[in-house]
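Remarks on the structure that follows.
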Amino acid sequence: MAQATTTIVIDRPINEVFAALQDYPNYPTWQPNVLTARHQPAGSIQVGSRIYEQRRFMGQAVESVGIVTAYQWPTESVVESAPESPANEPTFRSTTHCAAMGNRTQVTFTIVLRGHGLFTLLSPIIQLGLRRDLRARFRRFKAVLEQPLAVTERTDPITIA
């Protein structure tokens, strides 16, 4: 088993932070190893929604399928390996908790990976890499959310009718 947790405070309101965490198609923006991510069915995420992620792992594209097993807007989301996931791949459980701190939000993310065979032998090394990856991932997430909105200069005349 390998487990990692990271906690970070983001200078944005909880609704904005939680919405960004549930915006799967934008995951590649702040998770460089994610190639694509989406959820089904389309629309609002709920218990039973499926999460499809394709990520780069050791130079290979690997797809994982998860099922949302707990969901409470805007504070909690739990995603676990889908039963149809290949038997030779590690299973996972990821938990996201958000807590409002005025106009700021504390995010705590935990992932637990369970495997067998070589995974068991390498789990201490995998756990170290996972911790490092989570810290970097959520620092990028914070930077993306906290960046100032770009203001563009209008060149066309504004017409008031």
**Asked** Hey, what's the range 31-105 come to in accessible area per residue, 1.4 Å probe, Å²?
**Response** 58 Å²
**Asked** Helix 118-146 versus the longest principal axis of the chain: what is the Cα-based angle in degrees, 0 to 90, to the nearest 10?
**Response** 0 degrees
**Item:** Structure-based [θ]222 nm, the chain - -39500 (n - 2.57) summed over DSSP H runs of at least 4, per residue, nearest 500
**Value:** -8000 deg cm²/dmol
**Amide H contacts of Leu35 (H built 1.01 Å from N, under 5 Å, at least 5 apart or other chain)** = Gln54, Arg55, Arg56
**Asked** Hey, what does the equivalent ellipsoid look like for the range 1-82, semi-axes from the Cα gyration tensor as sqrt of 5 times each eigenvalue, largest first, whole Å?
**Response** 20, 17, 14
**Prompt:** For the chain, which longest stretch is free of loop sites, where a loop site is one of the GluC sites (Glu not before Pro) that DSSP puts outside H, G, I, E and B and that has at most 16 other Cβ atoms within 10 Å?
**Reply:** 1-83
**Fill in**
Excluding ligands, DNA and RNA, the carbon-plus-sulfur percentage of the accessible area of the chain with a 1.4 Å probe reads 56 percent
**Message:** Could you tell me which residue out of Gln60, Ala82, Ala70 lies farthest along the dipole of the chain toward its positive end? Charges go on the beta carbon: Lys and Arg +1, Asp and Glu -1, centred on the Cα centre.
**Reply:** Gln60
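The values are calculated or read from the model by the stated rules, or taken from the named source; none is laboratory data. All figures in this text were calculated on a predicted structure; none of them were measured in a lab. So basically every Cβ, Gly included, is an ideal-geometry build from the backbone, and we count neighbours across all protein chains shown. When the accessible area is computed, the model is the full protein with side chains, heavy atoms only, and any ligands, DNA or RNA have been set aside. Shrake-Rupley method; radii C 1.70, N 1.55, O 1.52, S 1.80 Å.
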